[in-house]
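Chemist: A single structure is presented below for examination.
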Amino acid sequence: MLRHVTELEQRRRGARRRRASLALVALALVPTLAACGGGGDDASGSGPAPQALERPVAAPQVAGTDPTTGAQVSLADYAGTPVVISFWASWCGPCREELPALEAFAEAHPEVQVLGVNYQDSEADARSLQAALGFTFPSVADPRGQLGGDFQLIGMPTSFFLDAEHQVRASLVGGGEREDFDEGLRLATRS
């Protein structure tokens, strides 16, 4: 019994250390709060801008069912390709405004994979929004917010820019425009 308690305590300590590490990563990834999550635009009034990380960090695993097509989707499917992971939801007004710009970015950059994460949303609402806006990039359903927790999400929408090795190199917190996605890609793929 004592050995079991000791092993359990070691696992708990390890989990606390991992959460603390992820919290530090989150501070590096998302320097400002976003529209649906809190803060909104910066003091200059120019809106959010992509922020480069001081040091890249491996992206958490993203895999699951696309809420609009029912297909299985995984970040691992895009090995060797830069990826933009964008958290969105039908209940998030700034997400609705951002999705057409994200779709235009995806169409202009076939060498990059846009991968959405439908955060704490219903499949019916996700399908309805996709039908209304017509975006075509795949998404993964995150109805309980587990992926949001893995990425230490603090606002919506949020996009993470990954290089071809799937290291997070930059993030954008808050609704972005097409040029913001172009800049995030530049930050993620620069040498």
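The values are calculated or read from the model by the stated rules, or taken from the named source; none is laboratory data. A quick note: this is a predicted structure, and the numbers were derived from the prediction, not measured. A quick note on method: Cβ atoms are made from the backbone with ideal geometry, for glycine too, and the neighbour counts reach across all protein chains shown. Only protein heavy atoms, including side chains, enter the accessible area calculation; ligands, DNA and RNA are left aside. Shrake-Rupley method; radii C 1.70, N 1.55, O 1.52, S 1.80 Å.
Chemist: Name, by its number, the condition in (1) in contact (Cβ under 8 Å) with a residue 40 or more places away in the chain; (2) hydroxyl-bearing (Ser, Thr, Tyr); (3) surrounded by fewer than 21 Cβ atoms within 10 Å (Cβ to Cβ) that does not hold for Ser139.
Modeler: It is condition (3) that Ser139 fails.
Chemist: Filter region 128-161 down to the residues that are within 10 Å of the chain's Cα centre (by Cα) and hydrophobic (A, V, I, L, M, F, W, C) and list them by number.
Modeler: Scanning region 128-161 gives Leu147, Phe151, Leu153, Met156, Phe160, Phe161.
Chemist: Checking Leu129 against (1) over 24 Å from Gly80 (Cβ atoms); (2) touching a Lys or Arg at 6+ places or on another chain (Cβ under 9 Å); (3) open to solvent by 50 Å² or more (accessible area, probe 1.4 Å), which test does it fail?
Modeler: So Leu129 meets the others, but not (3).
Chemist: Would you point out which residue out of Pro94, Pro67 is open to solvent by less than 60 Å² (accessible area, probe 1.4 Å), assigned to a loop (DSSP other than H, G, I, E, B) and modelled with pLDDT of 55 or more?
Modeler: Pro67
Chemist: Same structure, new question: Any idea how many residues of region 144-177 are surrounded by 15 or more Cβ atoms within 10 Å (Cβ to Cβ) and assigned to a helix (DSSP H, G or I)?
Modeler: Adding up the residues that qualify gives 3.
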